[in-house]
Amino acid sequence: MHDALRQRLEAALGADAIIASPGEDLPGTILTVYPPTETAIAEVIRLCRETHTPIVPTGGGTLMDVGRSRSPGALHVSLGRMTRLIEHDDANLTVTTQAGMTVYSLQEILAARSQFAVLDTPQPHRATVGGVVAVNINGYRRMGYRSIRDLVIGMRLVTGKGEVVKAGGKVVKNVAGYDMCKLFVGSLGTLGIITEVTARVEPLPEAEVTLVLAGSDGRDVLAAGEAIAASNLLPAAVAVLNAEAAGRLLGLAGDAALVRLEGFSVAVARQEQEVHSRAPGSVHHLDGEAHTRLWESLALLGWEGHSALIR
């Protein structure tokens with residue numbers, strides 16, 4: 001990292017906005033800057049362009065190994081100081097927040113109005129809204145609630161030229177021109193640093209349960225999971241686990257299929273009866289804390305190391 005760049009960054013943002021730390025998996029020291037505004041981010045980008053310094057946008061740092069190699073000499077630009085809730089339009093089921101807010105904090109705010117965002121990400125206490133959008137991490141409930149690209153309806157970002165760009169809007173029915181949000185979702189920060197996100201939210205369900213379909217033959221369990229996913233039932237998620245994963249998460253000896261049901265209590269009870277009728281073997285019912293812990297553990301499965309995860 002150029003000493004001259006650090007001096008100019010300190011002059012522009014203050015010395016307290018820059019932290020140097022040893023690289024965990026990169027040689028040398030990593031310099032991270034914490035701009036508090038879009039204007040400050042634009043200034044950081046301008047200085048990096050002048051000194052030919054690569055930039056790595058960062059959120060909670062939970063998914064830094066996804067999709068790209070990192071340069072040892074890059075400046076890390078953190079959104080850690082941009083964590084403010086901008087607007088929660090609970091009547092129209094939308095929320096707008098700065099990109100540095102953690103997913104857990106956003107869910108707490110929404111839960112106070114009996115709503116939630118379908119951002120099922122590993123380590124929600126650390127993962128940020130902007131990071132989830134930039135990496136395009138879709139959880140298991142994509143099946144029931146659509147993908148991140150469908151849920152994000154607006155955003156702001158600062159481009160590589162230091163220009164602030166706005167895409168989409170704050171209402172669901174926004175059809176003015178090409179939907180640029182879909183381009184920026186999953187762009188891994190290569191097209192700009194996302195600073196603000198507007199997304200659809202959902203009412204909290206009255207009931208949530210997980211049905212664990214266990215059988216002696218893994219092929220039967222897989223067939224049952226596929227049949228339920230393709231049926232007229234409306235599960236929020238279906239996951240089929242091999243014996244290793246089922247043993248690790250549930251203590252089962254064989255393969256298992258998980259069927260997540262949520263919504264109105266009457267509808268969940270009716271769908272649960274239908275799942276029982278389609279199951280090849282025993283069905284275990286999980287709700288409350290056991291249901292929540294299972295899906296949190298499932299979200300983490302496969303992200304512990306640096307290998308590729310294919311679903």
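Between 243, 230, 91, the Gaussian network model of the chain with springs among Cα atoms under 10 angstrom shows the greatest mean-square fluctuation at 91.
All other residues whose Cβ lies under 11 angstrom from that of residue 214 are scored, Lys and Arg at +1 and Asp and Glu at -1, for a net of -3.
Summarising the overall dimensions of the stretch 115-255 from its C-alpha atoms, the Rg and Dmax are 18.8, 59 angstrom. Each listed q (0.09, 0.11, 0.15, 0.19 Å⁻¹) maps to a log10 I(q)/I(0) for the stretch 45-178 from the Debye sum over equal C-alpha point scatterers, namely -0.29, -0.44, -0.80, -1.23. A Förster radius of 41 Å, combined with the Cβ-Cβ distance separating residue 166 from residue 50, puts the computed FRET efficiency at roughly 0.95.
Taking the Cα centre as origin and putting +1 on Lys and Arg beta-carbons and -1 on Asp and Glu beta-carbons, what dipole magnitude results for the stretch 40-196, to the nearest 20 debye? Provide the component values of the computation, followed by the final result.
Numbers: 18 positive and 12 negative charges, 43 e Å.
So the dipole magnitude of the stretch 40-196 works out to roughly 200 debye.
Computed over the chain, the alpha-carbon pair-distance distribution with 10 angstrom bins reads 6, 25, 29, 22, 13, 5, 1, each value a whole percent. Label sites at residue 234 and residue 253, each approximated as a point 7 angstrom past Cα along Cα to Cβ, lie 3.9 nm apart.
At 222 nm, what helix-only mean residue ellipticity would the chain give, in deg cm²/dmol to the nearest 500, using -39500 (n - 2.57) for each DSSP H run of four or more? Present the calculation step by step, with values, prior to reporting the outcome.
Working: 11 runs with 101 residues, N = 311.
Result for the chain, helices only: -9000 deg cm²/dmol.
Taking GluC sites (Glu not before Pro) in DSSP loop conformation with at most 13 other Cβ atoms inside 10 Å as exposed sites, the chain has its longest uninterrupted site-free stretch at 25-162. Using the Cβ-Cβ distance between residue 244 and residue 191 with R0 = 45 Å, the FRET efficiency computed as 1/(1 + (r/R0)^6) comes to roughly 0.75.
Roughly what percent of Cα-Cα pairs across the stretch 185-311 reach past 18 Å? Value for the stretch 185-311: 59 percent of Cα pairs lie more than 18 Å apart.
Multiplying the residue separation of residue 16 and residue 264 by 0.36 nm and removing their Cα-Cα distance gives an extension gain of 84.3 nm.
Between residue 146 and residue 297, the FRET efficiency estimated from the beta carbon spacing at R0 = 25 angstrom works out to 0.55.
Just to be sure I understand: if I project the alpha-carbon convex hull of the stretch 253-302 onto a plane and average over all orientations, what area do I get in nm²? Numbers along the way, then the final one.
Details: hull surface 17.3 nm².
Spelled out: convex hull of the Cα atoms, projected over all directions, averaged, 4.3 nm².
Take the Kirkwood radius over Cα pairs of the stretch 9-118, plug it into Stokes-Einstein at 25 °C and 0.890 mPa s, and you get 156 µm²/s for translational diffusion.
Taking the charge dipole of the chain about its Cα centre, with +1 at Lys and Arg Cβ atoms and -1 at Asp and Glu Cβ atoms, the residue from 37, 261, 245 reaching farthest to the positive side is 37. Excluding the site residues themselves, the longest part of the chain lacking any chymotrypsin sites (Phe, Trp or Tyr not before Pro) in a DSSP loop with at most 13 other Cβ atoms within 10 Å is 1-177.
Only the coordinates and a few stated rules stand behind these numbers; no lab work does. What you see is a predicted model, and the numbers here were worked out from it, not measured in a lab. Methodologically, a virtual Cβ is constructed for each residue, glycine included, from the backbone with ideal geometry; neighbour enumeration extends over all protein chains shown.
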